[in-house]
Every structure is written in structure tokens, then in C-alpha cells.
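Participant: One structure follows; several queries about it will come next.
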Amino acid sequence: MSGMAENQAKTETAKREEEILRFWRERDIFNKSLEKHAPKGEFVFYDGPPFATGLPHHGSLLSSIIKDVVPRYKTMRGYRVRRRWGWDCHGLPIETLVEKELGLKTRKDIETIGIEAFNEKARSMVLQFVHDWEKYVERIGRWVDFKNSYKTMDNTYIESVWWALKQLWEKELLYEGRKVLMYCPHDETPLAKAEIAMDNTYKDITEEAVTVKFKVKNPERRGLPPNTFILAWTTTPWTLPGNVALAVGTDIEYSLTKADDGTYVLVAKKRQSDVLHKGIVIVDKDLIGKDLVDLEYEPLFDVPALKSDKSYKVYAADFVSTEEGTGIVHTAVMYGEDDYALGEEIGLPMVQMLDAGAHYNDVAPEFLRGKYIKAAEKDIKHDLESRDLLFEKKNHTHSYPHCYRCGTPLIYNAVPSWFLGINKVPKGKRKTVKERMLEENEKVNWIPEHLKHGRFGNIVESAPDWTISRNRFWASPLPIWKCQKCQKIEVLGSVAELKEKAGGAPDDLHRPYIDEYSWKCEACARSTSSGQGGEMRRTPEVVDCWVESGSMPFAEYHYPFENKHEFEKRAPGDFIAEYIAQTRTWFYYMHAMGVLLFDRLAFKNVVSTGTVLAADGQKISKSKGNYTDPLHLIEMYGADAMRFNLMASPVMRAEDVRFRDEDVRDAHNRVIQMVWNCYKFFELYKADYDGKTKWEDSAHPLDLWILARLEELVRNATIAFDAYDMPEGCKAIKEFIDDYSTWYVRRSRERAKSTGDDKQFTLATQRHVLFTLARVMAPIAPFIAESLYQNLDGGSNGYEESVHLRPWPEEKKPGFIDRLFRRQPTEPRILHSMALVRTTVSRALEGRDKAGIRVRQPLSKLEVSAADFETLPMLSELLSIIAEEVNVKSVTVSSGVNGGEVALDTTLTDELRLEGEIREFTRLVQDLRKQQNLKPGERATLTVLTLDQKVKDVLSGMRENLLRSSIDNIEYVDSLPGYEPHNFFSSKVAVALKKI
Ligand SMILES: [Zn+2]
Ligand SMILES: [Zn+2]
């Protein structure tokens, strides 16, 4: 796997992170974080089990990251956060893999090799990606217990699901019924709408739609001319043999028009121009829907099973519209939701015309029997054409649902299934499950908030009953047994019950073993004179795997058979997170199970992320190769940069984002590496720190300012993380690092190099800032946080051995700086003052820019506005910061300068010019030192080629300056081969440097 990542040279950042990983592993820091004292108790995190059917990509890593950031933060805040990995092992995704692996094309193929062999293969394939997942998840820095992971295929897990279904049976919420469902002809199973909507499996397809002529019987009885036809339009000609009725809207206006061939047709008035476009027609008569009700027509095909006194008539229905088609709807009760409801209402014959694989059965007209529905459409059209019953064929493009696993276009099909009654009232209660779900949803904290009453609220409000049976193989078997004679049903809630009923139980609860367990029905044994009971046999279906994911909070504990207390004190959960598509699946089903079983919410806080798309805006796809392997990116920029980039992104507010590798690079350069460089600067002088000087005692405005900013950071990050607002937390961190690096550290360089108290104050302050910053960054960027902490000797001197075992920095109350220093300025005033200093500096630098004078050239004076500065405390210190940054001799407060403006004197005297040149020269010497890799303190000799005595005079006047650059002596030469002369002191000068 990922050979690319292995061949690539790892960057320093990546190597540093790997060392931290080793450190965590060797010291067992994760477990220590679970075992440490947790004064605030348990913070309950539920981890939704992923399908391990492929390698993780950015999207799955995003889930892993947020599931790590929040627990790390809560741990630092004094909670214990148990983190147990789970694997979703069942269902169509894995079955599809098995089919591919074994080269199985149809359900018959599966039956040929046998369910046992099929399921054994599935079991062996389920965990094939486990190792890869572990590798990615560990490298991204997620702490989770893999070793002890739960699996939905475990007998204990299945037994808990059985227990749940038995509970729901007793509450009269589990029932068998027939409904029109989306059905996959290839997988031969119904699917839930949520499954189809989840991965947006609606695709635009173009099919030949047909407009069909239904001949009216005895038209004269209703005052209609002979040869009157009703036109109806359908995109699914295969449903026409099942036609039993036509539906009209009561108040829709219809017209009877005469066609060229002398026949008459009935169409909605509004649809006339679209339907009858090929040469009209005289309007003969206007009618409304009511007038057409009960009109009889001749069946399109002779299907004896569909005949009844209700069949082949026109009925009124409220689902009829004039949006498309003819305004008259062809109704085949078994193959449409509206059709089925109408059929039930009227009592139309309900006859299945298809087998499980969507081939016509023996009920269908003879010429269709055994044919697959889609393949038969040609024959149907041909047949109608030959009898002059086909009015028109025309291509029609529409959005159509496809199976999310095998890609087959789905059909609507009325199949018997088992349901959980979301719209039912539980036995002994007064509200429907749905009403309770809506009530409990009010208590859930949704991030982002709009999902609560928006997407999620809508899903709950429009939820149908939950179809939980699947006509498949590799899943929890439904624990439902039915008498083959009297149809009595028994639902079993445990293995013990099965043993009691059937005299035993299999070691493995999966099919086919479970199917062998049966017993004699006691009910019909009692009631029949012979005393012979029918056989209680398990209903063949398996359980929808979303029942399993939704049962995760209790089933992972094998509740209620074990860990009764454990589960009960961990419900409802405090926190879950997944991407937005799970709103209608995992979030919905877990909430549903919570209310169905326990009559309460299942989770209190839910973070929904958006979808991570590839840089091209498409879905991330391995086959398209439209994304970089995350491991490859991590080996360039590190996991911290990956984490920071995602946590700072609007994807954390459920918006879809394009994943761009450059953004990871930017997060590395502008956040992670920037902090590290700040630490590296501190490290140069770390040994000089006396260890006694306290940051609290500094009176330097830069120190006061950065300490106030640090407090601001802690406060804002705490508010953001408490609200699960990761982008806001990241923004606070990034802005602080920027201020710290580009202003504080830069302005403190000379202080750090100096000697005396001021040096000690800045070192003490830097140490405190980095130490605190490490803790604030720890949840988002755990690696750099640990590196800082360890390098600042965090692991020693009585401190916890890892930053992740430290408490979160204590939040101080506003005004803390004020109280701390027992003097002016107050915290907001120092923040305000420094902001003013920085804008003043940039104005003055703009002035230099306009005059074309480099910053290294000193200028004599800058005047700043009295209105802005006069009343500021620590004024002279602030002005000297400005003077240094702008490189002017003096900064004065002037009443002649307007607020917000500055007056920069750009006059250059000879003296100033010379000083500027000396600075340039010093700079050149420093560059030479760098080029030769001279360390601070290493002495050197400067070799100078010049014939100009004036230059020699200047240089000897610069002795002080040069000594500071560790130049011990200057050697003059007549030639310096290979060295470019520079313009200095109005002369040509070449210089070289030699280490002594
Ligand atoms: Zn399918
Ligand atoms: Zn019976």
C-alpha cells in the first residue's frame, strides 16, 4: 500500500511527529489519559462504526480528526472520555464485495454456492482493511482503542439487536406489512429511502416514455362519441400489464378532441398542446374530472388475476397533477406508492406480477412470462403498437434512483416487509414515536444549529415507518419465527429463548445455521382436533444494518445481558460526529432507536461536517485518482497541518469543501512551522534564562501586550471549543501565532540578545507563552503541542509527562492583567495601545515607501498624533517601539498631527546617509556569516578590497558595530579574486570573511 508515501523522503516535520507517536506509544500516554483523575466525570462519546470496505480518504479522516479533537479537549477539561472503535460488518456493501470476489452475478449464483460459503467469505473479508485503517488513524494522531473494538457481527451484538426487536414487538411497534418500497432487482431486496438519498444515488437517465390509449367502454352511456380513448403517459412501460385503473383529478379540466384519424382522445386541457402536438384537432367538448369518474375502459392486456368489479375504471385521486403526462395517471397498484394507496382505498386487486428478481411470473400475459421487466419493455411497446394502442413514444430524461451498491436502477415494488412503526403509538402510550422523536430533538444540540429544525427536523417529520427487513444473507437474522400453518408469530429476544423453544442454538447466529432451528406451534396444536401443530420457522429475512448502527450505544455492551449498569450510566451520549449524509441515516436511526426503545434522545451534542470533495469539485474517488493519498501529504506537511486545515475549514459547519493540498501546506507554513520557528528562536537563548525571573514581574509593554493577547486567546478558544466551533478556535490560534511571531518575537529579538533584566523578562514571557500555547493547541495539533511541551521541559519538574495529561489553561477573568500587575494599563488598554502602535508603524512605513527610502536607512524624526497617544500609559516605551520599527531617531507626540495620521521627516542629512550605509555594510557582513554557516560567537576576519582611504576611515569608525558581528580584525588587500565589488560609501568595495 501507498508505495508513493514510502519512497518519498520524510520532511523534518513528519519525522518530529513520528518521534512523538513513538513517545506516546512507549509511555502509553493514551491509557494514562483514560486512567487519570477526572474530576468532572465521564464525557460520553459514541463512535459510529465505519464500513471497512476500502481505504480511508480525507473524508473518513475528517471524521476521525473531530472524534479526536473533542475527546482530547474534554480530557484536558477534566473529563474521562472512553474511545472504543467499532466495525460495521454487515449489509449490502460487504455482500457486493463478496459477489465481485467470487464472480457471482445473480442471487441464484449465491444460492448455488450456498449461503454458508457466501457468509464465510463475507466474514473473512470484513476485516481485510483493518490494518490499513489502523495505520492511517494512528498516523493522523487519533487516540482510539482498536484492540478492544466491537463488531456488529459478534453474537453478543446480534443478541442485543434481538433483544431490542423483541422489546419493540412487545410495544406493538414491530409489524409485518406490505408497502411499496424502492427495490433492487439485482440484490432482490427492498431498500430504505434514506439509503438511496444518503449517497445521492439519483442519476439523470433518458428512457423512452410512452403515451398509451385506453379505449372507453360504452361511451354513449356518458354522452361520448364512439372510439373515445383516454390517454395516459408512463416512463415505466413494464408496469402497463399491471394496469387496473386510471386516475383523474376531480377539479382538473379535460377536453375531448378529435384526431385526424377520426378517433377521439381525452387529455387534461393544460396538457393538450404538449400531448397533441402532432396536428390538432377540434375541441369537441370540455369536461372536468368528476364527469369522468367511474368511466369504464377496456383492459390493455388480458390478465384474469386482475379482473374484479372495481378494475378498469376511472377514479378520482388527489395525487394527479397537470405538471407532466396527460393529466390522467395509469395505475398499477403494486408498482407505485400513490397507486398502492389508491388500490387499498378502493379495494383494487393486489396481485404481484413479478418474481423476486423482477421477471414476470405466471400471472402476467403469456408473451412476457420469465422475461426481465426492462428487457420486456420492447415487446410490450411492440404489442401495443400492433393493436394501435400506442399514441406516442418519446425519449424522456428524468432523475431516477439507483441501487447505492450495485448501481441497478431501482423499481417501486409492493413487497411484504417488516416495519418499525415510527408513525405508531407504542402500547400504553399516547403519542406516536414520531411525535416523541420531534420532542426529544428539541433537547439535542446540533452543530450547525440549522440542522435541528431544518434538514433533520424535516426528515423526522416526513419519516415513513422503518422497513427493517432485507431479503439478504450476511446480516443479523431477524429473530422472528412464523407458524407455517396458522401464521402465528413469535419474536425471540435472546439465545436463551431460542434454546428453550428449539432445544438448542447455533454457535454462530448467522444464516444458514439459524434457519435450521424450528419447533412445533403450540397455538394450532391446541386448536386443531388432531393436535398437530404447524412448524414454527424463521422468517428468511435479515435485519437492515442501520438497525445495528442505531443500536450501537447498548449493543456494543451486549446490553442487557451484560454491563447493564455501564450502559445505563452512559446514555444518552454526550457527543457524536459524522458527515452530513449521516443526518438521514446514522443520526436519524440512532435517535429513532433511542426513542423507540427508551423513549428519550440518544445523544446530546452532534457535530455534522460537510462533505470533503476533491480539488476538482467531484466526489473523492480512488478510481478517478482525483486526490493525493493522505499519508503522502502527512509525510510532507505533517498530521497537525492536515488536522488544522480541516478543523479551520467551513466543512466543520456542514458546508461542502474542496480539498486542496495547498491548504495543508499553508496550514503547515503559517501555523505549525511558524510556532516551531518561534520556539527555535527561544531555544537559542533558553540556556541564558536564570529560571528565577517571573513573567508576572515584567513591565515591558511588549510583554504586557502578548500576555494580554494570550489571555484573550485562552478565553476565545475555550468559548469556541465549548461550543464545538472548531473554525473559530482555529482562527483564534492562528491570529495569536501571527501576532506572536510577526510582532512580539520580531520586536523582542534585540531584547533576547541583550543582557540584564529585560533579557530575562522576555525569556520568561516567551517560555510562558509557548507553554500555554502548547496546551491551547493540544486538541487540534497534538504533535507540535507535545514537541513544544517536551522541549520546554514540560515532562519534568513535577509537570505531567505529556501535554495531553495537563489540564486546560485556566481561564482568567477580564481585567486579570490589571490585577496581576496592580497598575495601569488595564488589559483592554494595552491591547488597544499596541494595536495603535502597529497601525502607526504601518502608516510610517507607507511614508517611507512613498519617498523611496529603505527601512535600513535611519531617518531623523516621526511625529504622531497627540489625540491618539497623549493619554496612553507607558507612552515612552510605546514610542520607542515605534522608533525601532520605523528606524527613526525620535518619535514625538505632536498636536499638529491629526488623529490616525503621522508626519515622517524624510530629509536625508550626510550623517544619516552614512549611518544608513554602515547598516547596509553590517547587514552584508551578517549575510556572509550566514553563507559560511558561522554560529553566533564564532570569530572571523574581514578581508576588504579597497583603495579608498575614506572607506578605511569609515570602517575603523565602525569597530564597535563589527565587533558585535564577531569581526576581530580587518585585513586590506589589493585583489580579491572571485568577489563582486559592492557600492559602499561612494566607492567600490569587495569583502570576504574568514573564520578564525
Ligand atoms: Zn442493488
Ligand atoms: Zn400454528
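The values are calculated or read from the model by the stated rules, or taken from the named source; none is laboratory data. These figures come from a predicted structure and were not determined experimentally. So basically every Cβ, Gly included, is an ideal-geometry build from the backbone, and we count neighbours across all protein chains shown. These area figures cover heavy atoms from the full protein model, side chains too; ligands, DNA and RNA do not enter into them. Shrake-Rupley method; radii C 1.70, N 1.55, O 1.52, S 1.80 Å.
Participant: Once amide H atoms are built 1.01 Å from N in the peptide plane, which residues 5 or more positions from R77, or in another chain, come under 5 Å H to H?
Facilitator: Under 5 Å from the amide H of R77 lie the amide H atoms of W808, each far enough along the sequence or on another chain.
Participant: Tell me, what is the percent relative contact order of the chain, built from C-alpha pairs under 8 Å that lie six or more residues apart? Mind showing how you got there, number by number?
Facilitator: On the way: 1752 pairs, mean separation 116.4, N = 996.
Relative contact order for the chain comes out at 12 percent.
Participant: Right, here's the next one. So who's got an amide H within less than 5 Å of the one on K151, skipping anything under 5 residues away but keeping other chains? H placed 1.01 Å off N, in plane.
Facilitator: Excluding prolines and chain starts, which carry no amide H, the hits are W87.
Participant: Shifting gears a bit: Please list, by residue number, every one of the trypsin sites (Lys or Arg not before Pro) in region 305-344 that is coil in DSSP and has at most 15 other beta-carbon atoms within 10 Å. Don't skip to the end; give the middle numbers.
Facilitator: Details: sites: K307, K310, K313; in loops: K307, K310.
Here the sparse-neighbourhood loop sites are K307, K310.
Participant: Sticking with this one: With θ taken as phi - 60° and the coefficients 6.51, -1.76 and 1.60, list the Karplus ³J(HN,Hα) couplings across region 143-148 in order, rounded to whole Hz; mark glycine and proline as x.
Facilitator: 8, 7, 8, 7, 4, 9
Participant: Moving to a separate point now. Work the Kirkwood hydrodynamic radius out for the chain: mean of 1/r over every pair of different alpha-carbon atoms, inverted, in Å. Show your work: numbers first, answer last.
Facilitator: Numbers: mean 1/r = 0.0287 Å⁻¹.
Here the Kirkwood hydrodynamic radius works out to 34.8 Å.
Participant: Let me ask something else. Please give me the summed charge of the neighbours of G937: other residues whose Cβ is under 13 Å from its Cβ, Lys and Arg +1, Asp and Glu -1.
Facilitator: +3
Participant: Considering the options A364, Y557, M76, tell which one lies farthest towards the positive end of the dipole of the chain, charges being +1 on Lys and Arg and -1 on Asp and Glu at the Cβ, about the Cα centre.
Facilitator: Of the options given, the answer is M76.
Participant: Oh, and also: With all pairs of different alpha carbon atoms counted, what Kirkwood hydrodynamic radius in Å does region 554-625 show?
Facilitator: After inverting the mean inverse Cα-Cα distance, the result is 14.3 Å.
Participant: Applying 1/(1 + (r/R0)^6) with R0 = 45 Å to the Cβ-Cβ distance of L912 and L21, what FRET efficiency is obtained, to the nearest 0.05?
Facilitator: Result of the calculation: an efficiency of 0.20.
Participant: Give me the net charge for the shell around F23: Cβ to Cβ below 11 angstrom, other residues only, Lys and Arg +1, Asp and Glu -1.
Facilitator: On the way: positive: R16, R22, R25, R27; negative: E17, E18, E19, E26, D28, E786, E801.
Cβ neighbours under 11 Å give a net charge of -3.
Participant: Quick check on the chain: helices-only [θ] at 222 nm, where DSSP H runs of length 4 and up contribute -39,500 (n - 2.57) each and the sum goes over total residues. Nearest 500, please.
Facilitator: Calculated from helices alone, the mean residue ellipticity at 222 nm is -11500 deg cm²/dmol.
Participant: What does the charge count near K499 come to, summing +1 for each Lys or Arg and -1 for each Asp or Glu among other residues with Cβ under 13 Å from its Cβ?
Facilitator: Within the 13 Å Cβ shell, the charges total -3.
Participant: Along each of the three principal axes of the Cα atoms of region 230-336, give the extent in whole Å, ordering the values from largest to smallest.
Facilitator: Computed over the Cα atoms, the extents are 39, 28, 24 Å.
Participant: What FRET efficiency would be calculated for the residue pair D109, D132, taking the C-beta separation as r and a Förster radius of 45 Å, to the nearest 0.05?
Facilitator: For R0 = 45 Å, the calculated efficiency reads 0.95.
Participant: How large is the dipole of the chain about the Cα centre if only Lys and Arg carry +1 and Asp and Glu carry -1, each at its Cβ, rounded to the nearest 20 debye?
Facilitator: 1460 debye
Participant: Treating only the Cβ of Lys, Arg, Asp and Glu as charged (+1, +1, -1, -1), what charge dipole size does region 265-365 show about its Cα centre? Round to the nearest 20 debye.
Facilitator: 400 debye
Participant: I've got another one for you. Restrict the search to region 828-890; then list the GluC sites (Glu not before Pro) that DSSP places in a loop and that have at most 13 other Cβ atoms within 10 Å of their Cβ.
Facilitator: E870
Participant: For the chain, what is the accessible area per residue in Å², given a 1.4 Å probe and the full set of protein chains?
Facilitator: Value returned for the chain: 43 Å² of accessible area per residue.
Participant: Label-point separation (nm) for Q532 and Y175, each offset 7 Å from Cα along Cα-to-Cβ?
Facilitator: So the two model labels end up 3.4 nm from each other.
Participant: Which FRET efficiency value, to the nearest 0.05, do you get for D154 and D515 by plugging their Cβ-Cβ distance into 1/(1 + (r/R0)^6) with R0 = 22 Å?
Facilitator: 0.65
Participant: For region 742-794, which whole percent of the accessible surface, found with a 1.4 angstrom probe, sits on carbon and sulfur atoms?
Facilitator: 44 percent
Participant: Would you mind telling me the share, in percent, of accessible area of region 305-379 contributed by carbon and sulfur at probe 1.4 angstrom? Each step should come with its number before you reach the end.
Facilitator: Details: 1560 of 3340 Å².
Heavy-atom surface of region 305-379 belonging to carbon and sulfur, 1.4 Å probe: 47 percent.
Participant: Non-local amide H neighbours of E535 (under 5 Å, H modeled in plane, Pro and chain starts lacking H): which ones?
Facilitator: Q484, K485, C521
Participant: May I pose another question? Mind checking which helices in the chain clear 24 Å along their axis (Cα) and have mean Kyte-Doolittle hydropathy of 0.0 or more, DSSP H runs only?
Facilitator: 58-76, 701-722
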